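Asks: One structure, as structure tokens, below. Some questions next.
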Amino acid sequence: MATKYDAIVIGGGPGGYTAAIRLAQLKKSVLCIERERLGGVCLNVGCMPSKALLHIGEVITAAREAGAMGIDFGGPPAINIGKLNQWKSKMIDDLVNGIATLFKVNKVDYMTGDVEFTDTKRVRVKKQDGRAEDLSADTFVIATGSEPVALPGFERNSINILNSDDAIALNEIPKSILILGCGVIGLEFATIYKRLGAEVTLVELADRALADTDIEISNLLVRALKQKQGINIFLKTKAVRLQEIGKRVRVTFEGEITEPMDFEKVLVAVGRKPRSEKLALERVGVKVERGFIPVDEHRQTNIANIYAVGDITGPPLLAHKAMKEGVVAAEVIAGLPSAYDPLAMPNCVYTDPQVATVGMSEEQAKAAGYEIAVGKFRLAALGRARTIGLSDGIVKIIADKKTDLVLGMGIFSPMAEAMIAEGALAIEMGATTEDIGLTIHPHPTFSEPIMEAAEVLHGRAIHIANTPAPVPAKT
């Protein structure tokens with residue numbers, strides 16, 4: 001292993017490993033340094049294990065509901081936590097090993113340890129055995145990611161006061177769990193634990209869930225979680241005090257809950273913060289704002305040879321954003337004319353049904369000054385939804401009324417995670433709703449309501465009554 005590289009990437013999560021591999025593809029000598037395991041939060045304690053648990057929950061829910069379809073499995077599904085964790089761990093290991101293989105194939109060097117800058121061309125790596133090693137490079141890419149925010153008075157003990165890292169490592173399924181925060185993380189864990197059999201209570205200080213999401217879709221989600229799935233959701237409510245009583249936790253609230261309540265577990269899911277404090281960035285003059293590192297369209301910091309990608313650069317904290325940024329930074333470092341300038345950034349929430357959005361919501365488009373047209377198609381009218389016993393859901397397209405250009409899309413539906421890519425492509429390519437409506441979508445599928453929502457805007461939707469008068473198409 002060399003001591004001098006063309007580039008050193010600090011962090012081996014989605015942004016970091018993507019940058020390292022792309023740099024190597026562009027013939028740069030590269031070292032990636034990760035303080036824990038390759039894959040970062042996403043592969044080890046975030047995206048991948050949470051989606052694995054959500055899938056297990058889907059299977060359990062489907063088995064429980066199969067009786068209505070004439071299928072009897074002879075009793076409720078039994079959960080073997082040991083085997084569940086073995087399966088989940090193997091899945092994570094396979095993905096981590098896959099990145100290690102990609103590093104080997106692309107000739108990316110790799111080491112573990114904590115990193116701090118000693119000057120703009122050198123870093124010191126502190127290894128787990130206490131040894132330190134000094135390394136140098138022409139350029140650096142910081143990709144250290146983020147971690148859960150702690151809530152004063154609800155300090156994590158990893159036993160009955162949890163953060164998302166703990167919640168993904170199930171040793172038992174609690175009979176009851178309180179989740180603080182109705183953002184993406186809180187809602188996904190509410191779905192996981194409810195499907196696995198826990199009594200789930202969600203508390204949110206704001207007056208709505210998913211603060212940046214279309215209000216109509218947010219309200220539909222909350223209603224479905226409360227009425228169809230039995231998740232207790234209290235908005236405009238604050239947890240103010242915690243008391244451990246034996247193995248249980250008693251929580252006092254302000255807002256919609258007027259009496260103290262007892263829970264086996266409390267999960268704090270009130271957000272994430274950047275991991276930048278241990279890098280000694282002040283030593284080399286890298287600008288930091290509230291822990292985040294400002295960057296330009298090339299992902300370059302105020303120090304010319306130091307770049308940053310992923311969560312460390314600020315919201316939205318999304319793995320696919322980090323991966324795109326990693327590619328851009330690598331290509332700029334290699335001298336290619338690359339830039340990060342997305343028109344559309346999709347976001348997915350893996351509830352039941354899923355929520356996915358891209359571009360502007362109805363409220364955001366109005367606030368931006370657009371005269372908008374909104375096309376909606378509810379899944380109650382979708383044959384494919386009825387084949388799986390579903391009637392909840394909506395596809396919503398927001399368009400510029402003057403030009404018919406797609407401004408945004410919101411989806412509350414099974415498979416929304418895949419469906420939303422059509423909205424992202426439409427916005428990036430400057431498509432109109434007429435373009436979407438004229439595109440033949442396969443039947444019967446969950447992609448059809450995207451076409452139907454677009455056709456609503458032109459008075460041509462077939463499977464919904466009372467469509468509005470056509471809007472003029474772009475000329």
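Asks: Among the residues of the stretch 108-131, which ones are in contact with a helix residue (DSSP H, G or I) (Cβ under 6 Å, 6 or more places away or on another chain) and farther than 20 Å from ASN305 by Cα?
Replies: Listed by number, the list holds a single entry, TYR110.
Asks: In addition: Sort through TYR350, TYR340 and tell me the only one that's closer than 28 Å to ILE173 by Cα, among the aromatic types (Phe, Trp, Tyr) and touching a helix residue (DSSP H, G or I) at 6+ places or on another chain (Cβ under 7 Å).
Replies: Values: TYR340 fails: closer than 28 Å to ILE173 by Cα.
Unique residue meeting the criteria: TYR350.
Asks: Hey, among ASP214, ASP207, ASP165, which residue is in the same structural domain as THR252 (by TED's automatic domain parsing) and within 30 Å of TYR17 (Cβ to Cβ)?
Replies: Matching residue, one of ASP214, ASP207, ASP165: ASP165.
Asks: So which of LYS287, LYS278 ends up being part of a loop (DSSP other than H, G, I, E, B), surrounded by fewer than 19 Cβ atoms within 10 Å (Cβ to Cβ) and modelled with pLDDT of 95 or more?
Replies: Going through LYS287, LYS278 in turn, the sole match is LYS287.
Asks: Just to verify a result, which residue in the stretch 427-438, among those that are touching a residue at least 24 places away in the same chain (Cβ under 8 Å) and of a type outside the set (D, E, K, R), is nearest to GLY383 (Cα to Cα)?
Replies: Here the answer is ILE436.
Asks: Follow-up question, since we're still on this one. Counting only residues that are modelled with pLDDT of 95 or more, among the aliphatic types (A, V, I, L, M) and surrounded by fewer than 20 Cβ atoms within 10 Å (Cβ to Cβ), which one in the stretch 335-353 is nearest to ILE420 (Cα to Cα)?
Replies: MET345
Asks: Where in the stretch 378-439 are the helices (runs of 4 or more DSSP H), entirely inside, with at least 1 residues that are within 21 Å of HIS458 (Cβ to Cβ)?
Replies: Helices (runs of 4 or more DSSP H) meeting the threshold: 416-429, 433-438.
Asks: Across the stretch 1-21, what is the number of residues that are modelled with pLDDT of 95 or more and surrounded by fewer than 24 Cβ atoms within 10 Å (Cβ to Cβ)?
Replies: 3
Asks: Only residues in the stretch 439-464 that are within 27 Å of LYS402 (Cβ to Cβ) count as the first member; pair them with residues that are of a type in the set (S, T, N, Q), Cβ under 6 angstrom, at least 6 apart or cross-chain, and list the lot.
Replies: HIS441/SER447; ALA454/THR433; VAL456/THR467; LEU457/THR433; GLY459/THR467; ALA461/THR467
Asks: So, one more: Among the helices (runs of 4 or more DSSP H) lying completely within the stretch 35-114, list those that include at least 2 residues that are within 15 Å of GLY16 (Cα to Cα) and in contact (Cβ under 8 Å) with a residue 40 or more places away in the chain.
Replies: Correct list: 40-44, 81-106.
Asks: Return the pair list, or none, for Cβ contacts closer than 7 Å from residues in the stretch 164-182 that are surrounded by 24 or more Cβ atoms within 10 Å (Cβ to Cβ) to residues that are among the basic types (Lys, Arg), at least 6 apart or on different chains.
Replies: Close Cβ pairs satisfying both conditions: ILE177/LYS265.
The values are calculated or read from the model by the stated rules, or taken from the named source; none is laboratory data. All values derive from a computational prediction rather than experimental measurement. Glycine gets a Cβ as well: all are built from the backbone with ideal geometry, and neighbour counts include every protein chain shown.
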